[in-house]
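J.: Pasting in a structure now, in structure tokens, and then I'll have a few things to ask.
The values are calculated or read from the model by the stated rules, or taken from the named source; none is laboratory data. As the structure is a computational prediction, the values presented were derived from the model and not from experiment. Cβ sites come from the backbone with ideal geometry, for glycine too, and all protein chains shown count toward neighbours.
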Amino acid sequence: MPAEWEPHAATWLSWPDNPALWPGHFESVGPKFAEFASAISRFEPVCINCARSRQPLARRQLNEARADLSVITFHDHPTNDVWCRDHGPIFVRNDATGEVAVTDWQFRGWGGKFEAALDNAIPARIAAALGMRCFASSLELEGGGIEVNGVGQLLTTESVQHHSNRATGRDPETLSAALNDMLGVDEILWLGEGLAHDDTDGHIDNLARFYAPHGILAVVEREPARPNHRPLQANLARLRALRTPRGVPYEIVELPLPDPIRLAGRDLPPSHANFLIVNGGVLVPTYGQSGDAAALGILGELFPGREVLGIDCRVLLLEGGALHCLSQQQPLGG
């Protein structure tokens with residue numbers, strides 16, 4: 001599995017199709033998706049899973065957002081939900097031949113929390129649409145629950161991978177063997193708990209991200225009284241204790257957590273770490289807070305030569321995620 005900063009052929013999205021998932025806010029969600037897709041289209045092609053009946057409205061909203069429609073392709077792939085990072089294919093590449101293929105893991109709505117039959121069919125449908133080989137696994141795995149550096153290391157959390165709701169048919173040894181076989185992972189690097197109020201049980205893409213093969217961006221909470229302070233400090237201690245394959249510490253950069261957000265009667269899990277790397281750019285979730293500028297500055301320093309663009313994600317956060325959760329990159333073949 002290539003690192004996210006390696007060249008992309010496209011980014012995949014799944015268009016919103018269910019008003020019941022966004023009570024009172026569905027009219028705002030389509031234009032926000034269009035804004036995000038438009039931003040991606042400035043840098044690379046965009047492929048969109050979208051039921052045919054929804055495509056005319058989606059095209060109008062993309063046009064209003066000034067997206068480059070010449071690089072946007074729709075696929076008549078209906079979905080239950082929008083979180084393509086988790087239900088979409090995890091692409092892999094053969095570095096010897098350049099062949100790109102799809103890995104198709106089981107997706108059960110984050111351990112059976114939500115209906116996911118349509119979502120679970122997406123990787124195989126995309127593989128067929130692209131004419132790619134598809135390697136299927138019986139194990140449950142979500143793309144937002146893993147983070148790779150492209151040279152053999154994978155970050156994940158015990159709160160997700162060891163949770164009883166994902167334990168069907170596997171133990172830690174089985175999971176490790178599958179990640180090695182399917183994604184080319186040599187070593188799993190474990191963190192503990194995720195963010196409070198995260199429906200995924202603690203996905204890594206809200207907590208820690210590789211910014212280079214030997215560099216990790218770590219989310220921290222500065223206020224000791226807040227519920228995320230202790231688990232994030234514990235994760236930071238684990239990260240500082242890790243060693244690269246060369247036996248040296250990883251370079252750790254701290255990224256402060258946004259202030260707590262409560263909308264529509266829910267406490268939500270905002271994180272600037274839920275960014276998407278695209279060809280020549282980094283798209284970063286913002287939340288209308290003073291800390292947004294600092295986060296954009298940190299990411300600008302870590303990704304020199306890439307344009308860093310903030311996108312307000314408060315309406316998206318109502319359903320629990322942000323830009324990385326919504327997207328899945330397709331690596332460029334050789």
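J.: If I ask for residues that are surrounded by 20 or more Cβ atoms within 10 Å (Cβ to Cβ), over 22 Å from Glu6 (Cα atoms), in contact (Cβ under 8 Å) with a residue 40 or more places away in the chain and charged (D, E, K, R), which ones from the range 200-244 would you list?
T.: Asp201
J.: Check Gly305, Gly300, Gly333 and return the single one that is in contact with a strand residue (DSSP E or B) (Cβ under 7 Å, 6 or more places away or on another chain), surrounded by fewer than 18 Cβ atoms within 10 Å (Cβ to Cβ), of a type outside the set (Lys, Arg) and in a loop (DSSP other than H, G, I, E, B).
T.: Gly333
J.: Could you list, in sequence order, the residues of the range 143-192 that are surrounded by fewer than 18 Cβ atoms within 10 Å (Cβ to Cβ), part of a loop (DSSP other than H, G, I, E, B) and either without any contact (Cβ under 8 Å) to a residue 12 or more places away in the chain or not β-branched (Val, Ile, Thr) (or both)?
T.: Gly152, His162, His163, Ala167, Gly169, Asp171, Asp186, Gly192 - these are the residues of the range 143-192 that are surrounded by fewer than 18 Cβ atoms within 10 Å (Cβ to Cβ), part of a loop (DSSP other than H, G, I, E, B) and either without any contact (Cβ under 8 Å) to a residue 12 or more places away in the chain or not β-branched (Val, Ile, Thr) (or both).
J.: Shifting gears a bit: What number of residues within the range 61-104 satisfy the criterion of being more than 16 Å from Gln329 (Cβ to Cβ), crowded, with 20+ Cβ neighbours inside 10 Å and aromatic (Phe, Trp, Tyr)?
T.: Matching residues across the range 61-104 total 0.
J.: In the range 259-291, which residues are under 15 Å from Leu207 (Cβ atoms) and surrounded by fewer than 21 Cβ atoms within 10 Å (Cβ to Cβ)?
T.: Within the range 259-291, no residue meets the criteria.
J.: If we only count strands (runs of 3 or more DSSP E) wholly inside the range 18-113, which ones have 1 or more residues that are under 30 Å from Val151 (Cβ atoms)? So that I can check it myself, show each step before the final result.
T.: Details: elements: 46-49, 72-75, 90-93, 100-106.
Filter on the range 18-113 gives 46-49, 90-93, 100-106.
J.: Another one. Go through (1) among the basic types (Lys, Arg); (2) modelled with pLDDT under 95; (3) under 25 Å from Leu276 (Cβ atoms) and name the single condition Arg170 misses.
T.: The failed condition is (3).
J.: Across the range 58-111, what is the total count of residues that are within 19 Å of Ile126 (Cβ to Cβ), in contact with a Pro (Cβ under 6 Å, 6 or more places away or on another chain) and not β-branched (Val, Ile, Thr)?
T.: 4
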